[in-house]
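Encoded as structure tokens, the structure appears first; notes follow it.
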Amino acid sequence: MIISGSTTQSLATALATELDRPLAPVSFSQFPDNELLATAQTNTDHAIIIASTPTPESHIELLQLQDAVREAGTEKITTVIPYMGYARQDSVFEDGQPISARIIAKALSIETDTIILVTPHTPRTTDFFTVPTTIVNAEPVLADPLPDNLTDPLFLAPDENALSIATSVRDAYGTGETDFFEKTRLSGNEVEITPSDTTVTNRDVILVDDIIATGGTMATATRVLTERGANLIIAACVHPVLTGAARINLARAGITAIHGTDTLERQETSTTVAPVLADHLA
Ligand code: R5P
């Protein structure tokens, strides 16, 4: 039985179809004092709870679903977190800070037997959970919405950490070069990009990253590529967080298109991770 959080209803439906398993009835409501109440009606030995956690509320909701399912006597709970919020807060960057990813992971480990993360910010995130945690790498599906006739395509990571993701997308697309820029973060929404020597003139460039959040990284990289004569510039990310004015920032920078997966349900969601998750869960 599949139990969906409010953030992943389309993905849960696609996964239920892929696995030929029923969707549990769920409901999401709020009391007048803003407290949340998520409910799930389950009667199963193995529950697959699937919920992304892009907001504080969605973390509470996932904890409630896990507890409700356990309370119903479910023997085995698998929790799938397609997009895990707070995962980027994985270190103490300045004195006095918590390791938010760690405390959240601990809480989400209490009422589950296993966790599955989809392309987390870093593989190290798995270490924070106290139950067996595995990663499903979904980035190859980002090749699906790309045009077939890209001109001399370059799959470019905005920093070295994202090179493996860019390479996976290139491999799935079937042709093209890969490269990476160097990125220095100046603030929450500003970065400095140092380009590589690769020629981009008249080439189609696919900028690939795990997340687009403020769009600062992709917008800065796009400006550099435009100055250097790139043709189409397409942004592809696993998790289209797209917060605040990200879309405007990216449009102003001159990006041609934005593609993301359904780990977050956005207008830019143009491909699904359901088959990859289903393969893992089957
Ligand atoms: C950072 O290491 C990530 O891989 C992304 O590059 C980053 O989170 C994107 O954030 P933004 O869109 O705010 O620049």
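Just so it is clear, none of the values below were taken in a lab; they were calculated from the coordinates. Please read all numbers here as calculations on a predicted model, not as lab measurements. No Cβ is skipped: glycine too gets one built from the backbone with ideal geometry, and neighbour counts run over all protein chains shown.
A few remarks follow.
- Full extension of the chain between THR198 and THR122 yields a length gain of 24.7 nm, computed as 0.36 nm times the residue separation minus the alpha carbon distance.
- Sorting 252-261, 12-21 by their mean Cβ neighbour count within 10 Å, with the most densely packed peptide first, gives 252-261, 12-21.
- Relative contact order, percent, segment 17-135 [alpha-carbon distance under 8 Å, six or more residues apart]: 20
- For segment 154-205 versus segment 6-64, the gap between their alpha-carbon centres in whole angstrom: 35
- Zero-based 10 Å bins, Cα pair distances in the chain, whole percents: 7, 28, 33, 21, 10, 2, 0
- Protection proxy ranking for 25-34, 67-76, using the average of other Cβ atoms within 10 Å per residue and placing the highest first: 67-76, 25-34.
- For segment 1-100, a simple Cβ point-charge model (Lys and Arg +1, Asp and Glu -1, everything else neutral) yields a dipole of about 300 debye relative to the Cα centre.
- Burial ranking of peptide ranges 80-89, 176-185, 44-53 (average Cβ count within 10 Å, highest at the top): 80-89, 44-53, 176-185
- Segment 194-282, relative contact order in percent, only Cα pairs under 8 angstrom and at least six apart counted: 27
- Mean separation of Cα pairs under 8 Å and 6 or more residues apart, divided by the residue count, gives the chain a relative contact order of 15 percent.
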